[in-house]
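The values are calculated or read from the model by the stated rules, or taken from the named source; none is laboratory data. Please read these numbers as outputs of a predicted model, since none were measured by experiment. Cβ coordinates were reconstructed from backbone atoms using ideal geometry, including for glycine residues, and neighbour counts include every protein chain displayed. These area figures cover heavy atoms from the full protein model, side chains too; ligands, DNA and RNA do not enter into them. Shrake-Rupley method; radii C 1.70, N 1.55, O 1.52, S 1.80 Å.
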Amino acid sequence: MPEAYLALENVTVKYGARQAETYALREVSVEFERGELTLIMGPSGSGKTTMLSLLGCLRTPEAGRVIVFGRDVATIGDATRTKLRQNLGFVFQAFRLFRAMSAIENIRIAAGIVGAGQNNSRKLLEQFGLKEKANLLPNELSGGEKQRVAIARALVNDPQIVLADEPTASLDSDSGHQIASLLRNIAEEQGRTVVVVSHDPMWETYAHRVVMLRDGKVIHQWRPGS
Amino acid sequence: MRLAWRNILYDRGRFLVTVLGIAFAVFLMIFQGSLLVGFLGAASKLVDATDSDLWITARGVLCFDFSAPLPKRFVEIAQGVTGVEETYRIATSFAEYRNGEGRHHVVALVGADPQVGRGFPMPRLPRTDQVIEHDAVVIDASHQKTLAIARFPEDVEINHRRARVLEQVDGFSSFLGSPYVFTSYLDATEYLGLGSEETMYILVKLKQGYAPQQVKNALQRRLPDVDVWTKQEFSDRSRIYWVTKTGAGAAILTAAILGFLIGLVVVSQTIYATTMENIEEFATLKALGAGRWMIMRTVLAQSLFCCLAGSALGVAVTLPLVDAAKTTIAWVHTPNWLIAAIMPPSFLMCALAALVSIRAAIAVEPARVFRA
């Protein structure tokens, strides 16, 4: 059987020690498909963000396998995990833009980290309707604009996997729908794997698949509309 | 690099605080260093100002200012040693000074033979080496007020003998409470009541081609009851005495070391605080795939930018302040090499402070980027 592209296999993650030990994820197995937007939902503390951290190679599990680009990230060193992260795209709830850098510079710095060409940065901004805002600092942009810059930054290295943590939580409804639509297009039209963590049921209409978590376990998976 | 620069420009308030912290540290180091350098210079200034190769002193004399008498016949003995070209004498001791209005002060009277060197202060005829006798003295400009000299010349008394203060010289301020008063050797022996068979310091000028160490050993063999030093050795001995054997020198040395340590703490704290303020950005960099080197470079560049600006400001502020301090501490001195020498420790300070920050920046958990 061929190795999965992006998947969690019997993954367990614990926080704390001994008596204070709590399980963030318990023997969770999920596989993510190319060209699909997978929505991970669940109440607070259900393990959504932990799952995203594992897929983003930002932490390793206590047990089980985390497969990214067909490699088990638990078995590789720190430096290799850092390299692997350069091929992922991240979108954060709090945008995480560099406050002292303009929109275009925020994209360029990410391009510099991954060794991508700088020319792509302006093209991405144009693509996301931010051509006029290229030289503005993050605090001069609206929430929706900031998130579009963050998505442009996430795509500058042309990643095949995009991980988004509550990308619309800080936005108004209109901006939220725009961002959701944008991420769905990225998956559908560009064939990328997009994983979105969110509380917001609005996302169900944009997701190809929904994974529901509770208390660190997958309790339900379904394809909206099917 | 660009991120470091942008962060600095963005948060100008924080940058200003950091630069002020570094400038304060640089000020402390330069000012305390100037006190130490000036103190060391003043401790051996009169030894260094002579044109001599060797010094013969009474046994156990620790520094120039605390001399003891020597038998005068040692001068003739010294002149008989192979390699000795000439000998000169210096006499010094504390004396009672009284100005025209009867105001009393204790001074350190120094009298030297005219050949002791052009740089050595004594009352001379203008544009000649000829010493003015009798009863002529000169003082350092910084002590004019202390000695209550309203004009030149002015008649005063030294150890109840008449003396005339002819003029003032620069650069021979005493760090002791007793100002130096310079005169000829013969006048000094009279003021100090030195016996006709006594002298205090015998300075030796060597013939060309003779090694000071070799002649020093020969003199020591001929004069076993005295100490013979090369000029540099006696200069160092005077400095070491004042710095290590007296409270004043130790206090200045301690203050100079404390200045450096306080500077290090101030700089470490400000740079660490700056890094911690940007810690979320370092976490984002790590999440985006930045390696350790990039994070190190960013923190280090931020520290070095701050260090450059802080050092420049520190030097610019300190130099006028040192000049201003000269009105009360005349011997304080800031040589150019001191400023140059302060720069590597300043940068080292910033680099050390940056190291602590780098550890924090590298250790930051990238998964924290998912927290809102």
Item to check | Summed buried accessible area for A+B [probe radius 1.4 Å, Å², rounded to 100] | outcome: 2400 Å²
Checklist outcome for this item: With all protein chains present, the stretch B:1-72 has a carbon and sulfur share of its accessible area (1.4 Å probe) in percent of 65 percent
Item to check | Share of carbon and sulfur in the accessible heavy-atom surface of the stretch B:124-169 [1.4 Å probe, %] | outcome: 46 percent
Next on the checklist: Heavy atoms of the protein only, probe of 1.4 Å, neighbouring chains included. What is the accessible area of A:SER142 in Å², nearest 10?
Outcome noted: 60 Å²
Checklist entry - So how many Å³ per residue does the convex hull of the Cα atoms of the stretch B:261-340 work out to? => result 110 Å³
Checklist entry - Do you know which residues of the stretch B:276-292 lose at least 50 square angstrom of accessible area in the protein assembly compared with their chain on its own, with a 1.4 angstrom probe? => result B:GLU281, B:THR284, B:ALA287, B:LEU288, B:GLY289
Checklist entry - If you take the beta carbon distance between B:ARG118 and B:ALA250 as r and set R0 to 35 Å, what does 1/(1 + (r/R0)^6) give as a FRET efficiency, to the nearest 0.05? => result 0.50
Checklist outcome for this item: Cysteines of chain B without any disulfide-compatible partner (other Cys Cβ under 4.7 Å) are B:CYS63, B:CYS306
Checklist entry - Excluding ligands, DNA and RNA, what is the solvent-accessible area per residue of chain B at a probe of 1.4 Å, expressed in Å²? => result 45 Å²
Next on the checklist: As a test of understanding, state the convex hull volume per residue of the protein assembly as shown from its alpha carbons, in Å³.
Outcome noted: 250 Å³
Checklist entry - Among the residues of the stretch A:67-87, which ones have their accessible area go down by 40 Å² or more when all the protein chains sit together, as opposed to their chain alone (1.4 Å probe)? => result A:ARG85
Checklist outcome for this item: So, with points 7 Å from each Cα along the Cβ direction, the B:ARG297-A:GLN19 label distance in nm works out to 4.9 nm
Checklist entry - Top mean-square fluctuation among B:ALA112, B:ALA255, B:ALA316, Gaussian network model of chain B, C-alpha springs under 10 Å? => result B:ALA316
Item to check | Modelled FRET efficiency - R0 25 Å, A:SER173 with A:ASN119, Cβ distances, 0.05 increments | outcome: 0.10
Checklist entry - How do B:TYR210, B:TYR241 rank by accessible surface area computed with a 1.4 Å probe, from largest to smallest? => result B:TYR210, B:TYR241
Item to check | Most mobile listed residue (A:GLY89, A:GLY143, A:GLY16) in chain A, GNM with C-alpha springs under 10 Å | outcome: A:GLY16
Next on the checklist: Given a Förster distance of 60 Å, report the FRET efficiency between B:ASP155 and B:VAL356 from their Cβ-Cβ distance, rounded to the nearest 0.05.
Outcome noted: 0.40
Checklist entry - If the cut-off is a Cα-Cα distance under 30 Å, which lysines reach B:LYS145, setting aside same-chain residues fewer than 8 apart in sequence? => result B:LYS45, B:LYS245, B:LYS326
Checklist outcome for this item: Taking a probe of 1.4 Å and leaving out DNA, RNA and ligands, the stretch A:56-103 shows per residue an accessible area in Å² of 35 Å²
Item to check | Percent of Cα pairs exceeding the 15 Å cut-off, where the set is the stretch A:9-113 | outcome: 70 percent
Checklist entry - What's the extension gain from B:LEU308 to B:LYS207 if we count 0.36 nm per residue and subtract their Cα-Cα distance? => result 31.3 nm
Checklist entry - Restricting to lysine pairs 8 or more places apart or on different chains, what number in chain A have Cα atoms under 29 Å apart? => result 13
Checklist entry - Per the helix-only calculation at 222 nm, which mean residue ellipticity applies to chain B, given -39500 (n - 2.57) for every DSSP H run of n ≥ 4 and division by its residues, nearest 500 deg cm²/dmol? => result -17000 deg cm²/dmol
Item to check | Heavy atoms of B:HIS105 accessible to a 1.4 Å probe, total area in Å² rounded to 10 | outcome: 50 Å²
Checklist outcome for this item: At the level of C-alpha centres, the distance separating the stretch B:231-246 and the stretch B:67-108, in angstrom, is 19 Å
Item to check | Largest to smallest accessible area among A:GLU188, B:GLU198 [probe 1.4 Å] | outcome: A:GLU188, B:GLU198
Checklist entry - Tell me, what is the 1.4 Å probe accessible area of A:ARG184, in Å² to the nearest 10? => result 60 Å²
Checklist entry - Largest first, what is the accessible-area ranking of B:LEU62, A:LEU54 with a 1.4 Å probe? => result B:LEU62, A:LEU54
Item to check | Mean projection area, nm², convex hull over Cα of chain A | outcome: 13.1 nm²
Next on the checklist: Take B:GLN214 and A:GLU132, extend 7 Å from each Cα along the Cα→Cβ direction, and tell me the distance between the two endpoints in nm.
Outcome noted: 9.2 nm
Next on the checklist: Considering only protein heavy atoms and a probe of 1.4 Å, how much of the accessible area of the stretch A:75-160 is carbon and sulfur, as a whole percent?
Outcome noted: 43 percent
